[in-house]
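The values are calculated or read from the model by the stated rules, or taken from the named source; none is laboratory data. The structure displayed is predicted, hence computed values, not measured ones. Cβ coordinates were reconstructed from backbone atoms using ideal geometry, including for glycine residues, and neighbour counts include every protein chain displayed.
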Amino acid sequence: MKQEGFRAYPRYKIELPLKIQSAETSIKNPDRPPLRFESVTMDISLGGVRIDLKEKTKGIGGPIKSTWFQDRFFWIHILGIPTLPEGLYSKVRGVNFEKDKEGNIASLGMEFQDLLKNVIDSLKKYLDTLSRFE
């Protein structure tokens, strides 16, 4: 059981390029439009990633709404991991977001869903070469 204030997995601060798109294709819900964009990770762990939604995001226009991401599934492709030459492909779920001083959404926390053991092992091998931060 995870203790209060402790993370299940250590986080590693690193910028890796990524592509992400919504797993849902329905456009019937205006609070959850279809999304496809590129950005970078702000940090990564075996449990998920934090994505920059402010500085390095391409493909999202206008103000970003939290309802676009919260508790919603996406497909992600993270590049630049040497132990995963084709990149890390995963289904992810939006779990939280952080706002900047002006109240705009600046980053998004995404949780990996059902990573295969060989992908987990390859990601862990790479993360072990990085410096941790909490």
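Please verify whether residue 94 is at positive phi, of a type outside the set (D, E, K, R) and without any contact (Cβ under 8 Å) to a residue 60 or more places away in the chain, treating the condition exactly as stated. Considered against the rule, which asks whether it is at positive phi, of a type outside the set (D, E, K, R) and without any contact (Cβ under 8 Å) to a residue 60 or more places away in the chain, residue 94 comes out as no.
Can residue 20 be described as touching a strand residue (DSSP E or B) at 6+ places or on another chain (Cβ under 6 Å), in a loop (DSSP other than H, G, I, E, B) and surrounded by 17 or more Cβ atoms within 10 Å (Cβ to Cβ)?
no
Just checking: which of the strands (runs of 3 or more DSSP E) contained wholly in the stretch 49-134 hold 2 or more residues that are surrounded by fewer than 16 Cβ atoms within 10 Å (Cβ to Cβ) and modelled with pLDDT under 95? Per the criteria, 88-99. If you scan the stretch 75-91, which residues turn out to be free of Cβ contacts under 8 Å to residues at least 40 places away in the same chain and in contact with a strand residue (DSSP E or B) (Cβ under 7 Å, 6 or more places away or on another chain)? 87, 88, 89, 90, listed by residue number.
Taking each residue of the stretch 55-74 that is farther than 14 Å from residue 109 by Cα and looking for partners that are part of a loop (DSSP other than H, G, I, E, B) and at pLDDT 85 or above with beta-carbon atoms closer than 8 Å, six or more apart or interchain, yields 56/15; 60/35; 60/53; 63/104; 64/53; 64/104.
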